[in-house]
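See structure below.
The values are calculated or read from the model by the stated rules, or taken from the named source; none is laboratory data. Just so it is clear, the model here is predicted, and its values are computed rather than measured. Methodologically, a virtual Cβ is constructed for each residue, glycine included, from the backbone with ideal geometry; neighbour enumeration extends over all protein chains shown.
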Amino acid sequence: MPDVTPDPSRKHPLRSSKQDVKAARLIPDTPQTRAPTYRLAFADPEFLTREELRPVRLQLELLKPEMALDAEGIESTIVMFGGARIREGKGALGHFYTEARRFAAIVTSRSMAHGGKHDVIVTGGGPGVMEAGNRGAHDAGGRSIGLNIVLPHEQAPNGYVTPELCFNFHYFAIRKMHFLMRARAVCVFPGGFGTLDEMFESLTLIQTRRMAPIPFLLFGRAFWERIINWEALAEAGVIAAEDLKLFQYVETAEEALAAIDGWR
């Protein structure tokens, strides 16, 4: 017989979906119960991944991390964007790995001194600068968030993400929302297409006032001025001169912290 004992954690006496999932595993094996149509809709992966269910999947990807972060008491974050191909001590950009790690360690130490709920480091959870950010938080003995995504050529989350704060996404758009929903500052290290995408979408939200202004820091002036001719955009009139004030350059962890602390 299935368990009909009410779940004391629930606010009403109706059976929970968890109870029915367990009960459904005990049903007799018949042609009818083996039919895909007989599966509980919310416990049927083949049904949930159908094309028509995209709106539901979008909602689930928004809700799952949000509920988990709320449960863990995360109130604000410091976002770290940067290239997956930047390695510690390797190549012309290798020093940014070290600086990202230092920055994350200092931010996390300060966060922990005040309860560890604010200014929690969040990265994309992958290698390179992302690993450096999570590693720095780990060095300081604190928690950090990893927002990973399923990619053809990658990737397990790096080993420094706090396991209960490690998430996996299908939709880039929902992932980028989670980067910014709790952000108190955005720090952008050198990177490729993905980093540029994250940077420009975040700047666009601030420029168009769909997001409140926050400290927006670009690590490495020489890199960014070589990659993007910001002044040319303003001179051409495709952005306003005032838009150039939405971000500032920093070179070190200390400069970044001073910029965040001195924000307005």
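The single condition from (1) assigned to a loop (DSSP other than H, G, I, E, B); (2) out of contact with any Phe, Trp or Tyr (no Cβ under 9 Å at 6 or more places or on another chain); (3) of a type in the set (Val, Ile, Thr) that Thr108 fails is (1).
Scanning region 45-74 for residues that are exposed (fewer than 15 other Cβ atoms within 10 Å of the Cβ), more than 19 Å from Tyr171 (Cα to Cα) and in contact (Cβ under 8 Å) with a residue 40 or more places away in the chain yields a single hit, Gly73. Of the numbered criteria (1) more than 18 Å from the chain's Cα centre (by Cα); (2) not assigned by TED's automatic domain parsing to the domain that holds Ala132, the one Ala92 fails is (2).
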